[in-house]
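Undergrad: Just passing along the structure, written as structure tokens.
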Amino acid sequence: MSTRALASMVLVAVLILSAAASMAQTPRPGDTLQLWEYRTEAVRIEARRDTATADSMLNGLGQQGWELVAVTRREIRIDDALQTETLYLLKRPGRVVNR
């Protein structure tokens, strides 16, 4: 078998496989897409042991269907007092759309 024939067969095989892969990823009628609703909450706590505020806020949001996605914490100095600010990123299922 010549090199040219082998190269042609490999090229045809690659084209067939790429066409099959693109058809497998094409959305079909009736497929749905879940959209998400996002929310950010900031909580400042002066004493590190005072977590009741954050706990009650997160429990209330959890009852509303919000899920915790990420937490970012930083120290802030306000009027010579060191405070901890915590940002909570939450999400919950929004509407579902057809593709």
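Undergrad: Looking at region 41-55, is at least one residue among the β-branched types (Val, Ile, Thr), part of a strand (DSSP E or B), at pLDDT 75 or above and within 30 Å of Asp80 (Cβ to Cβ)?
TA: Yes, that holds for at least one residue.
Undergrad: Still on this structure, please answer the following. Sort out which residues of region 70-94 are under 16 Å from the mean Cα position of the chain (by Cα), of a type outside the set (S, T, N, Q) and surrounded by fewer than 13 Cβ atoms within 10 Å (Cβ to Cβ), and write them in order of number.
TA: Once the filter is applied, which keeps residues that are under 16 Å from the mean Cα position of the chain (by Cα), of a type outside the set (S, T, N, Q) and surrounded by fewer than 13 Cβ atoms within 10 Å (Cβ to Cβ), region 70-94 yields Ala70, Val71, Pro93, Gly94.
Undergrad: Give Ser8, Ser22, Ser18 a once-over and let me know the one that is assigned to a helix (DSSP H, G or I), at pLDDT below 80 and either loosely packed, with under 11 Cβ neighbours inside 10 Å or polar (S, T, N, Q) (or both).
TA: Ser22
The values are calculated or read from the model by the stated rules, or taken from the named source; none is laboratory data. Predicted model, so just to flag it, every value in this text is computed and none were measured. Positions of Cβ are backbone-derived with ideal geometry, glycine not excepted, and every protein chain shown enters the neighbour counts.
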